[in-house]
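These notes are about the structure you will find just below.
The values are calculated or read from the model by the stated rules, or taken from the named source; none is laboratory data. Every value quoted in this text rests on a predicted model; they were computed, and no experiment measured them. Note: ideal-geometry Cβ built from the backbone for every residue, glycine included; neighbour counts use all protein chains shown.
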Amino acid sequence: MKITMSEAVPHVINNSDTKILLGRIDELSTIIALMPGNVYWKARNHTYRGCNDNIAKLINLTDCQQIVGKTLFDFFEPDLAIKINAIDEQVMISGMEYAIEEEAVDKEGNKAYYLTRKVPLKNSDGEVIGLLGMSFDITERKQQEELLKIAKEQAEAASIAKSEFLSNMSHDLRTPFSGLIGLTEQLLLAEEEPLKKELLGYVLQSGRHLLALLNQILETAAMTEKGVDTKLVTFDLSRLVTSVAELMSVESRNKNLELRVIIDAKLPLLIIGDEVKLHRVLLNLLGNAIKFTQQGHVTLEVDFVRQTKTTLWIKFAVIDTGIGIPKDKLASIFERFTRLAPSFSSTYSGIGLGLHIAQSFIQDLGGALEVTSEVNKGSTFSCVIPFGFNI
């Protein structure tokens, strides 16, 4: 059936309707022209049908209408035009949108970066009749990212250089310290005059303290530089825990603290894991607990948690009756060089590396270090670590 014009259009468009229609078209054209970024659209044969002001300025046109009927070959080198056309063709064939960060050249000839998105244009029947493209200049953002990348690389290089220096100086620093401590011990044994003996004792104590700090710094430097490898061996858990307690027993006796060790009877004698790291973890946690406890006790508990055919989970907890940790400090105590007491206070020694090292090693072992604490009542540091075991 043939449809006449009078049948297709129910009423004649009058001057008022024409003005409204033209006004809307002008309004829409203005909106498109002023849209941010670069906006353009083209027909199925790759000829441009329109663009916004930004595109016109980018390709040195004085008016948006000048782009109509043109192709990429009118504005770009053939190789680039072919490359872009291939992408546009793929969008129109597949009917799928396309998004990419791409490198281009701005109107001054400088390298620029754009975030581009292209979507197919379809008619009322769903047929692809063209393509709509939008791109935003992200050159400044990319430049900032590059500057941040360079700054990060420089900071990492400086950190590695520092760590390598400390690692290379390890022997040179430890040897004279150890010599001074050894000589002081010999002088202390030979000295009989009480005042001199007391002074030598202070020298020996200070020397040992400095050597302990040096060891922590060098160990942290080594961890920063190349990490510490995890070595799995079969070892006696009870013997390891006992040896750690024996190492800390002198310090606890000097402070009149009771040092308790409780090992769950359900745990097997031999387990498989990194003996060295576990030893350092327990040593640091016990040493930290004794340092901040003036009276009462420090307890090391080792408990069975659960097991499968191949894995055994063990909970380690160090409990003290010390000064506790304020709530506002709990979030920062595992950071390197963080101390509860100010650096000028002589009440508590150390430079704030023990907990950082312990946390790092526990993470390497597959666990997580947790802490609960109450000021003037004590703290509990605990972790659950997976181990292998022999059936």
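Looking across the range 39-83, the residues that are part of a strand (DSSP E or B) and either in contact (Cβ under 8 Å) with a residue 60 or more places away in the chain or surrounded by fewer than 13 Cβ atoms within 10 Å (Cβ to Cβ) (or both) come down to V39, Y40, W41, K42, A43, R49. Kindly indicate whether L283 is in the same structural domain as L257 (by TED's automatic domain parsing), in contact with a Lys or Arg (Cβ under 8 Å, 6 or more places away or on another chain) and either modelled with pLDDT under 90 or farther than 20 Å from G367 by Cα (or both). Against the criterion (in the same structural domain as L257 (by TED's automatic domain parsing), in contact with a Lys or Arg (Cβ under 8 Å, 6 or more places away or on another chain) and either modelled with pLDDT under 90 or farther than 20 Å from G367 by Cα (or both)), L283 does not qualify.
Right, S360: in a loop (DSSP other than H, G, I, E, B), at pLDDT below 90 and in the same structural domain as T299 (by TED's automatic domain parsing) or not? Here the answer is no, as S360 does not meet what is asked.
Condition check ((1) part of a strand (DSSP E or B); (2) in the same structural domain as Y48 (by TED's automatic domain parsing); (3) at pLDDT below 90; (4) in contact with a helix residue (DSSP H, G or I) (Cβ under 8 Å, 6 or more places away or on another chain)) across all residues:
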residue	(1), (2), (3), (4)
A104	yes, yes, yes, no
E108	no, yes, yes, no
Y113	yes, yes, yes, yes
R117	yes, yes, no, no
S124	no, yes, yes, no
G130	yes, yes, no, yes
I150	no, no, no, no
Q154	no, no, yes, no
S159	no, no, yes, yes
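Within the range 58-77, being modelled with pLDDT of 90 or more and more than 14 Å from Y40 (Cβ to Cβ) holds for one residue alone: F73.
Inspect the range 340-351 for any residue being part of a loop (DSSP other than H, G, I, E, B), of a type in the set (A, V, I, L, M), modelled with pLDDT under 85 and farther than 18 Å from N215 by Cβ and give the result as yes or no. Scanning the range 340-351 turns up at least one residue that is part of a loop (DSSP other than H, G, I, E, B), of a type in the set (A, V, I, L, M), modelled with pLDDT under 85 and farther than 18 Å from N215 by Cβ. Among the numbered conditions (1) out of contact with any strand residue (DSSP E or B) (no Cβ under 8 Å at 6 or more places or on another chain); (2) at positive phi; (3) at pLDDT 85 or above, the only one that G95 does not meet is (1). L115 passes every criterion in (1) in contact with a Phe, Trp or Tyr (Cβ under 7 Å, 6 or more places away or on another chain); (2) within 22 Å of E140 (Cβ to Cβ); (3) touching a residue at least 60 places away in the same chain (Cβ under 8 Å) apart from (3). Against the conditions (1) touching a strand residue (DSSP E or B) at 6+ places or on another chain (Cβ under 8 Å); (2) in contact (Cβ under 8 Å) with a residue 24 or more places away in the chain; (3) surrounded by fewer than 16 Cβ atoms within 10 Å (Cβ to Cβ), where does R306 fall short? Just the number, please. Status for R306: all satisfied but (2).
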